[in-house]
1. Being in a helix (DSSP H, G or I), open to solvent by 20 Å² or more (accessible area, probe 1.4 Å) and not small (Gly, Ala, Ser) is the filter here; which residues of the stretch 511-554 pass it?
2. Looking at the stretch 533-557, I want the residues that are within 16 Å of Pro179 (Cα to Cα) and touching a residue at least 24 places away in the same chain (Cβ under 8 Å) and have a partner that is of a type in the set (A, V, I, L, M, F, W, C) and assigned to a loop (DSSP other than H, G, I, E, B) with Cβ atoms under 9 Å, at least 6 apart or on another chain. Which pairs are those?
3. When only residues in the stretch 281-313 that are of a type outside the set (Gly, Ala, Ser) and touching a Lys or Arg at 6+ places or on another chain (Cβ under 8 Å) count, which is least open to solvent (accessible area, probe 1.4 Å)?
4. Need the failing condition index for Ala492 against (1) more than 22 Å from Val349 (Cα to Cα); (2) open to solvent by 10 Å² or more (accessible area, probe 1.4 Å); (3) at pLDDT below 95, just the number.
5. Read through the list (1) without any contact (Cβ under 8 Å) to a residue 40 or more places away in the chain; (2) assigned to a strand (DSSP E or B); (3) touching a Gly at 6+ places or on another chain (Cβ under 9 Å), then give the number of the only condition that Leu438 fails.
6. Tell me, which residue of the stretch 221-232 that is of a type outside the set (D, E, K, R), farther than 11 Å from Val279 by Cα and out of contact with any Asp or Glu (no Cβ under 9 Å at 6 or more places or on another chain) is surrounded by the most Cβ atoms within 10 Å (Cβ to Cβ)?
7. Go through (1) open to solvent by less than 60 Å² (accessible area, probe 1.4 Å); (2) assigned to a strand (DSSP E or B) for Gly235 and report which single condition fails.
8. Report those strands (runs of 3 or more DSSP E) wholly inside the stretch 285-396 carrying at least 2 residues which are under 30 Å from Pro265 (Cα atoms).
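The values are calculated or read from the model by the stated rules, or taken from the named source; none is laboratory data. From a predicted model like this one, the values you see are computed outputs, not experimental measurements. Cβ placement follows ideal geometry from the backbone for every residue including glycine, while neighbour counts extend to all protein chains displayed. Just so you know, the surface numbers come from the protein's heavy atoms only, side chains and all, with ligands and any DNA or RNA stripped out. Shrake-Rupley method; radii C 1.70, N 1.55, O 1.52, S 1.80 Å.
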Amino acid sequence: MTGPRDRTRDAKPTDRTPTGSTGPTGPTGPTGPTEPTGHTGPTSPTSPTGPTGPTGHTEPTGHTEPTGHTGPTGHTDPTERDHDQDVDEALALVRDASVGYDNGQGGQPEERHGPGANEPHGSDRRPNEPHGSNRRANAPHGTPHPGPPHPGTPHPGPPHPGPPHPGTPHARHQGTPWPRARAVAARAADSAPHRTPTPVPLDQALGLVLAAPLTALTDLPSFDTSAMDGWAVAGPGPWKVREEGVLAGQPGAGADVLADGEAMPIATGARIPREVTAVIRSEHGRTDSKGRLHAEREVTHGQDIRPRGQECRSGDRLLPAQTPVTPAVLGLAAAAGYDSLLVVPRPRVEVLVLGDELLTEGLPREGLIRDALGPMLPSWLRALGAEVIAVRRLGDDAKRLREAVADSPAELVVTTGGTASGPVDHVHPTLRALGAELLVDGVEVRPGHPMLLARLDERRHFVGLPGNPLAAVSGLLTLAEPVLRTLSGRIAPVPYLAPTRDEIHGHPHDTRLVPVALRAEPQLVAEPLHYNGPAMLRGIAASDGLAVVPPGGAKPGQELEILDLPWTLPSSPLSNDPDLES
């Protein structure tokens, strides 16, 4: 766990409400007809809304944002709209609980889920994208699909007259509950063939996992040694001091025998001569003009002597199997006589980056954006214990994707984007064509609900991440981390809780993963951070972990599970810029 840090972060609390926006409990007046997908195209006007919540201010919603997303009902300051996307989403989610739209065909109401509300279930697309698309974050703005609606798209119908009748179920995405999805992912690789342990030199073992218990090959220490610089003495004092001393590592050191009443200088770590009863520290003794040593403190038998086998005896079990190899483990292994360690090999992972709109260098231009996941995922996967054997950029080519997945030698294939059902979302068709077993198809978590997990064959698995960056992080920690943990032989970390400092808005039905900073105030608290929309990385880059927020949200002081991030950052202020302060 990254320790508490009291530093200025590029983040703000999540519960700040935009000026003039409708609060979480503010009633919303009847709305005019809207498009069935919950967003309007670049020129599609909507009817003015009725009166809003506590302020009583009415704001027409016919104006469409540049992205095609209609903001919260009521007046929203443009600056706040840009920087409070996460609050907009939370407010939309609150409204989702009480507003539904008829599909026009006698079916159940379609429930809205924040940005991109009323889109086909499992979608992780941007506003104005073709229905069912799961494109990457910040991709160029699209336009409504000119052809017939994608299968599953609700047919335009009259607005729902009000909240659904009690007992009327919502037709919403039926994903796997988040805790169950994690458990399924952790068990998924149990059936994989046993991975043969491999001996590796100590300097290559860091971050791996012990495949067998670490057993001492020698006594530690292997001989009686001095714990301090000073004098080795025999019997009671005062002592006659020999001129020659004993140094650590000196050939033949310790072969001398001291008679009672004798002393000799000795260095820390040097072998204790025979018949020595104690070591007197240099600051605790003095010599007189006759060369005799006098102790200025009481001398006890065996003081400041490290006896042979004090730490362990040869054959003692020092560490169990499945222990992660840390720098301290490397030091202990070396001291215990090891030159190499038997470890579980790193699971091999191949990353396939999908999307025709991604650039690998330079600034975004002409509807193209920078690929954030290609540089981020390999390092994150290595921190989770994986060996990343390749990062391949395949664009939106279905044939190349199928061939890449079919031919990959990796134990885990990870893709980015394309997990919904849009015209260029090729992940599901690819898995069907390859006969893969779908283990998790969508998770009840925000961001990142279109994530999926599949078994390609008895030794290979597949994790499909959403294309939005923070949604991809959510998928990585929900599905990829448990699979890699099992493949690498790691023990699941013990969950820990921290109270949230501020209120965190929740989704009506799904778990939320929210970036938090851990603060000591004076007890440990989790501060929810701003910039936590599915397309944003600014919040997670300044965080210590992700808080697991249950459906409905969390009140100040409520204890939440914290998912640690697999690295440690320095505890120091990032900036003195007041715009970055919480």
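1. The one that is in a helix (DSSP H, G or I), open to solvent by 20 Å² or more (accessible area, probe 1.4 Å) and not small (Gly, Ala, Ser): Arg538.
2. Leu546/Leu565
3. Filtering the stretch 281-313 for residues that are of a type outside the set (Gly, Ala, Ser) and touching a Lys or Arg at 6+ places or on another chain (Cβ under 8 Å), the one least open to solvent (accessible area, probe 1.4 Å) comes out as Leu293.
4. Every condition holds for Ala492 apart from (1).
5. (3)
6. Step one: of the stretch 221-232, the residues of a type outside the set (D, E, K, R) are 221-223, 225-228, 230-232.
Filter once more, keeping what is farther than 11 Å from Val279 by Cα: 221-223.
With out of contact with any Asp or Glu (no Cβ under 9 Å at 6 or more places or on another chain) added as a condition, the list becomes 222-223.
Values: Ser222: 15, Phe223: 13.
Here the answer is Ser222.
7. Status for Gly235: all satisfied but (2).
8. By residue number, 285-287, 292-295.
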